[in-house]
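Below is one structure, written out as structure tokens; the observations come after it.
None of the figures in this text is laboratory data; all of them are computed from the coordinates on show. Worth saying up front: this structure is predicted, and the values here are computed from it rather than measured. Cβ atoms come from the backbone with ideal geometry, glycine included; neighbour counts cover every protein chain shown.
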Amino acid sequence: MKTKSLLNRKVQFAFGSAILTLLVAGAISYRGMVVSTESEQWVRHTHEVLENLQDLLLAAQSFESSYRGFALTGEESYLESYRAGILSAEQHEATVRSLTVDNPEQQRQIPALESLTVQKIRFAETVISLRRTEDLAAAAEAVRSGQGERIMAEFQAVVHDLQTEEMRLLAVRNADAKRRLGHTKYLLILGTLLGLLIAVAAAWSVQRDSSTRGLAEEALRDSEEKYRMLLDGVEGYAIFMLDPQGRIISWNAGAERIKGYTAEEIIGHNFSCFYPPEDIQCGRPDEVLRMTAATGRHEEQGMRVRKDGSRFLASVSFTALRDSAGHLQGFSEISRDLSERRESEAKYRGLLEAAPDAMVVVNQGGEIVLLNVQAEKQFGYRRDELVGQKVKNIIPEGFAERLIADGTRTGAEALAQQIGTGIELSGRRKDGSDFPIEIMLSPLESTEGILVTAAIRDISVRKAAEKHVAQMEGRYRGLLEAAPDAMVVVNQGGEIVLLNVQAEKQFGYRRDELIGQKVKNIIPEGFAERLLADGTRTAAEALAQQIGTGIELAGRRKDGSEFPIEIMLSPLENAEGILVTAAVRDISVRKKSEEHLVKTVGELKSSNDELQQFAYVASHDLQEPLRMVASYTQLLGKRYKGRLDSDADEFIAFAVDGCNRMQGLIQDLLAYSRAGTNGKEFHKISGENALKDALTNLRVTIEESGAVVTHDSLPAITMDDTQLAQVFQNLVGNAIKYRSAEAPQVHVSARRNGGNEWIFSVRDNGLGIDPQYFERIFILFQRLHGRQEFAGTGIGLAICKKILERLGGRIWVESQPKMGSTFYFALPEGVGK
């Protein structure tokens, strides 16, 4: 029994030692990885300095070539790239200064670099000024002086010294990173092997006694599980084991995250699946295993392929695993994704610069560590003037209190109360002026601890708008009360939120009886359907269909009586959403007027028939005695002219003129009564022939006025030929009659409108017509001028309108005073068929 107890203690001690060894090795390895990560960060820091130095040199060369290009050509486009180059150079100088704060040697070179930059800019400005004020020769002479080349040479020398120092640091830091990573790998492998050897020894000891075998196996499984858990806890690295042929035999959580395969999917497969196809074709995976087996360890950086086919840059270390006899047992691979951090840093900086708001990154000490170009513009500082400065310089009150911990809470707790909320504070520009801002805070984890990204928006315009809105709301209430119509403001729930005194009078309610009530109480049908959304559209869409249109509905007074109303809707935006202002007008009087108008139109229609009957009477019964009077007065004028006194001659002339005008009026009335109803058969007639007939009738008028009448090709129309000629004669005659000081110019044309309608036009250069008289001139007996200015009866255009409307056409005019007129008339192509 004592022997068995002793054996148990030995087994427990052996497995305990193995587990402790594995845990210690894992902890040391993990610490080594953390230190290695820090070393790699310094390597990336050095690369970033080198990149900015190279960009600075390129920016200096860019603006130097730009101002020289302007000196040679004088083109302003070179100055745009010149200014962009200066801005880029200043930004990279500021970045280099910030990145080399940790290096006193490099910091001593920065003032010389900035001084040379200033000298280059001054010299460039001198050349540009000479080119603008003098000529190319003066600018070229300044360039040939060699001053620019001397400054550029000194500038390049300083940049070269900075690059040389950074290259030295890069070499030192690369060597340190590799050394630390190598130590970590050796410790991990040594600890693993030692733990495995102790576990094997314990297992061999257990085999000597079957009674302790089960306990040893259980301890071994526990050890392996803890070792596996230790490896799975390292998520930043892919760690797995290979057999001598390169097949995968173990897999940790970091490998699953980086490469995309689960353990079930990848164990048993060859590790060559992580290589790009071109590397597989040239046998690179087998070559790596051969080199590792020969040297014991192999490190490289190269592209690897994930499960989804995407590629990434990886840092990979292979180690050959051998037993005590030196036989190869397999390989271990430790790899790290280098692209993740580079891509995330580049994307973060890109997003920061592309943000429309000012972005400022602050550490928990309240110091600014990063900002974007919008922050420079908003606060008026250069980037190098703000980096490293306290955030209180630009946000003097409130921000730091929300960032820095007080005595009772941590910085994270203070920050957590503000994350995601808009904080309104006051910002201070470089010139000392304050302006309102809104800040959104978000945390940013980094190797330096938790930083805070602040998105800062200038809300000066919004504050001014809010003040303006408050003023406008007061004015709106005043306008509402002064409106002559009833005004009712309704929300999207159909509830009345505001009304004026006219609404109280129209509907018979007191104001407090309507506020908060449904609008259906006073407009029972139709209004709510135009305001509220149904199941297929939004309220805004429903309202948009009614805005600006007069809607006729029925209103209901407090006593239950209904009356006709007309509503005009208009939207009103406020903090509660879109309201609707309804201007409500009582149209009871208008409705009665419309009814009276309908009755009157019927009477006028009957009167029109009487007018036609009068025209026929005038034609037969009035013209006969009028012709007799006209004949005798004309005879008196001819026979006794000059034989009587001057008064008698004048009186006879008046009588003759009156008879002539009366005959003309009767003829026009007869023409109007017959317009479009002469009963002749319709047939296809030539528009040009109809115009020719009209011009023949107007021959004397055209010759006396010196008018020039032109026309385009005119189509054939199916109608009565005399009626089209009559329309042309009236329109061309008016164009000649109402002429300006210039000789009349008249042009007739036609164009097809759609498939079966022709639009004719008669354009002149005459007096023109004020638009307010467009409708009046087509009414019977309506004249715009006195008879002393222009003869006529005011019936011609009425005749044209009647002819065309009887034929299914229409007539209208476009004109401006002193700018001539264009009369249009439209006729269907197949009219009369």
Karplus 3J(HN,Hα) series, Hz, for segment 582-590 with 6.51 cos²θ - 1.76 cosθ + 1.60 (x for Gly, Pro): 10, 8, 10, 10, 6, 10, 4, 5, 5
Whole-Hz couplings from phi, Karplus 6.51/-1.76/1.60, listed for segment 691-707; x for Gly and Pro: 5, 4, 4, 4, 5, 5, 5, 9, 4, 4, 4, 5, 5, 5, 8, x, 5
Entries of Lys463/Lys520; Lys638/Lys692; Lys520/Lys592 with Cα pairs more than 28 Å apart: Lys463/Lys520; Lys638/Lys692
Cβ-derived FRET efficiency at R0 35 Å, Ile515 paired with Glu424, nearest 0.05: 0.60
Projected area, mean over directions - segment 82-128, Cα convex hull, nm²: 3.1
Built amide H within the under 5 Å cut-off of Asn372, gap 5+: Met359
Full-stretch length increase - Val373, Lys467 - with 0.36 nm per residue and alpha-carbon distance subtracted: 30.9 nm
For segment 153-162, 3J(HN,Hα) per residue [Karplus equation, 6.51 cos²θ - 1.76 cosθ + 1.60, θ = phi - 60°, Hz, x = Gly/Pro]: 5, 5, 4, 5, 5, 5, 4, 5, 4, 4
Computed lengthening from Asn756 to Glu829, 0.36 nm per intervening residue step minus Cα-Cα distance: 25.8 nm
Peptides 289-296, 268-275 ordered by average Cβ neighbours within 10 Å, highest first: 268-275, 289-296
Over 29 Å (Cα to Cα) - which of Lys467/Lys518; Lys120/Lys430; Lys737/Lys801; Lys467/Lys505 fall in this group: Lys467/Lys518; Lys467/Lys505
Between segment 708-736 and segment 497-519, the Cα center-to-center distance that results, in Å: 62
Asp55-Ser561 FRET efficiency (beta carbon distance; Förster radius 60 Å; 0.05 resolution): 0.10
Mean-position separation - Cα centroids, segment 754-776 and segment 303-317, in angstrom: 78
Radius ratio Rg over Rh of segment 111-203, counting only Cα atoms, Kirkwood formula for Rh: 1.60
Estimated FRET transfer efficiency when R0 is 41 angstrom, pair Arg290-Glu154 (beta carbons, to 0.05): 0.20
For Glu829, distant residues with modelled amide H under 5 Å away: Glu757, Trp758
